[in-house]
Amino acid sequence: MGSEMDPLLLACSYFRRRKFQLCADLCTQMLEKSPYDQAAWILKARALTEMVYIDEIDVDQEGIAEMILDENAIAQVPRPGTSLKLPGTNQPGGPSQAVRPITQAGRPITAFLRPNTQSGRPSTMEQAIRTPRTAYTARPITSSSGRFIRLGTALFEYIFHHENDVKTALDLAALSTEHSQYKDWWWKVQLGKCYYRLGMYREAEKQFKSALKQQEMVDTFLYLAKVYILLDQPVTALNLFKQGLDKFPGEVTLLCGIARIYEEMNNSSSAAEFYKEVLKQDNTNVEAIACIGSNHFYSDQPEIALRFYRRLLQMGVYNCQLFNNLGLCCFYAQQYDMTLTSFERALSLAENEEETADVWYNLGHVAVGIGDMNLAHQCFRLALVNNNNHAEAYNNLAVLELRRGHVEQIGDLQRSYIAAQKSEEAFPDHVDTQHLIKQLKQHFAML
């Protein structure tokens, strides 16, 4: 008769294979027989933590409290090139096909959807309520993974991530820091994470700086940079990242951090240079490939951008956004045979109405490019059917209504003005819409 496998080893096997629920259940059975088994407690806490773990470095969504009570504002009118809220305009000459679009928060749209930048700062209470908290991580393993060696560290991670009880986690971290006579850098980082989660950014900054003095770790540089970015100090964050690169040459996460800041500051040329450095270290980095491809597209080089997007396709990336970009690149590179096929695939892969609306909006641009204004009108209408707040679609419908027939016809002008007003409601700071409304008012004055 074969002997049964030791329950603790079996639980460890489940954990390594990421079967966390089975691991936790088996640990529970062991603890019923032996309530003081520390190994079982640690493993159970780890398993429950991993089930809900969010990498604090990548994920950052501002909630309603941060939107209303911003006590960390440094300057209302920052100097040009020193703020992420008012990015610079040191972009090379605009491309012939399009000007790089911006979000409703005023930042340039990046080529890679990141949890902390996908929506920007919510402009209204309704947007803040609708904004979902991203519950995934692109970096499942961090440098802190090896710290699960004591019950205290496993307990902290369980309280912080699984229970989301930041106050209790803060108390535990403070007691542990004091017990270690303020010589344990890891507990200082955990204190900083708790302060950050509670919105006490200056206290978090102090803890991260103190931890770096004792032990320089990549994650600590990333955490501290997050604080500076949230305080709208991108230049300080850039200097910190470069300081980290001196200690960890070629570290991809630090290079990506620099590139992201340059991209948010609308300095796409510098961002592209650092993304190229990323590819030298890791030639399969999806973010770098996507962002370099986007930079080439908006630099009027659709053929080169097409190579990067095809590379992503070869790597197994298969989603609506990629086929949408492929369709645009094929169109502007005059490879018309693949244009509609790519857009059809993008529509079939769209996961929500917003994605569908964006595809129809881009198809409307293709229709304008081939001179079929009726098709363009239908495409922009379909974009609005899927997303009634699509400001750009309203704007382009207004332009099409203005171009239809004679501008002296009051009906055409009224339809155009109504569409332009809806565009302004959806995106008040849209420059093209403001210019269009001014033109329409001049036409009305001439009638």
Next on the checklist: Only one of 209, 242 is free of Cβ contacts under 8 Å to residues at least 60 places away in the same chain, more than 28 Å from residue 174 (Cα to Cα) and open to solvent by 60 Å² or more (accessible area, probe 1.4 Å). Can you tell me which?
Outcome noted: 242
Item to check | Selection count, the range 31-41, where residues are open to solvent by 30 Å² or more (accessible area, probe 1.4 Å), in a helix (DSSP H, G or I) and of a type outside the set (Phe, Trp, Tyr) | outcome: 4
Checklist entry - Which residues, taken from the range 42-57, are open to solvent by less than 60 Å² (accessible area, probe 1.4 Å) and either outside any helix (DSSP H, G or I) or of a type in the set (Val, Ile, Thr) (or both)? => result 42, 49, 53, 54, 55, 56, 57
Item to check | Test: residue 199 is touching a residue at least 24 places away in the same chain (Cβ under 8 Å) and over 19 Å from residue 55 (Cβ atoms) | outcome: yes
Item to check | Flag if residue 263 is crowded, with 19+ Cβ neighbours inside 10 Å and among the acidic types (Asp, Glu) | outcome: yes
Item to check | Residue among 272, 290, 305 that is buried (at least 16 other Cβ atoms within 10 Å of the Cβ), assigned to a helix (DSSP H, G or I) and over 20 Å from the mean Cα position of the chain (by Cα) | outcome: 305
Checklist outcome for this item: Per the list (1) open to solvent by 20 Å² or more (accessible area, probe 1.4 Å); (2) within 19 Å of residue 362 (Cα to Cα); (3) modelled with pLDDT of 95 or more, residue check on residue 298 breaks on (3)
Checklist entry - Would a scan of the range 189-204 turn up a residue that is surrounded by 18 or more Cβ atoms within 10 Å (Cβ to Cβ), under 30 Å from residue 266 (Cα atoms) and of a type in the set (A, V, I, L, M, F, W, C)? => result yes
Item to check | Criterion violated by residue 111 - all others in (1) in a helix (DSSP H, G or I); (2) modelled with pLDDT of 55 or more satisfied | outcome: (1)
Item to check | Residue satisfying all of: in the range 39-59; at pLDDT below 90 and of a type outside the set (A, V, I, L, M); nearest to residue 161 (Cα to Cα) among these | outcome: 53
Checklist outcome for this item: Going through the range 245-289 in order, the residues found to be small (Gly, Ala, Ser) and in contact (Cβ under 8 Å) with a residue 12 or more places away in the chain are 250, 257, 259, 268, 269, 271, 272, 288
Next on the checklist: Based on this model, can you work out whether residue 123 counts as assigned to a loop (DSSP other than H, G, I, E, B), at pLDDT below 50 and either surrounded by 14 or more Cβ atoms within 10 Å (Cβ to Cβ) or acidic (Asp, Glu) (or both)?
Outcome noted: yes
Next on the checklist: Take the conditions in contact with a Leu (Cβ under 7 Å, 6 or more places away or on another chain), open to solvent by less than 10 Å² (accessible area, probe 1.4 Å) and not basic (Lys, Arg) and apply them to residue 248. Does it pass?
Outcome noted: no
Item to check | Candidate set from the range 229-239 (those that are in contact with a helix residue (DSSP H, G or I) (Cβ under 7 Å, 6 or more places away or on another chain), open to solvent by 10 Å² or more (accessible area, probe 1.4 Å) and at pLDDT below 95); member that is farthest from residue 285 (Cα to Cα) | outcome: 230
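The values are calculated or read from the model by the stated rules, or taken from the named source; none is laboratory data. Note that this is a predicted model, so its numbers are computed, not measured. Every residue, glycine as well, gets a Cβ built from its backbone with ideal geometry; the counts of neighbours run over all protein chains shown. For accessibility, only protein heavy atoms count, side chains too; no ligands or nucleic acids. Shrake-Rupley method; radii C 1.70, N 1.55, O 1.52, S 1.80 Å.
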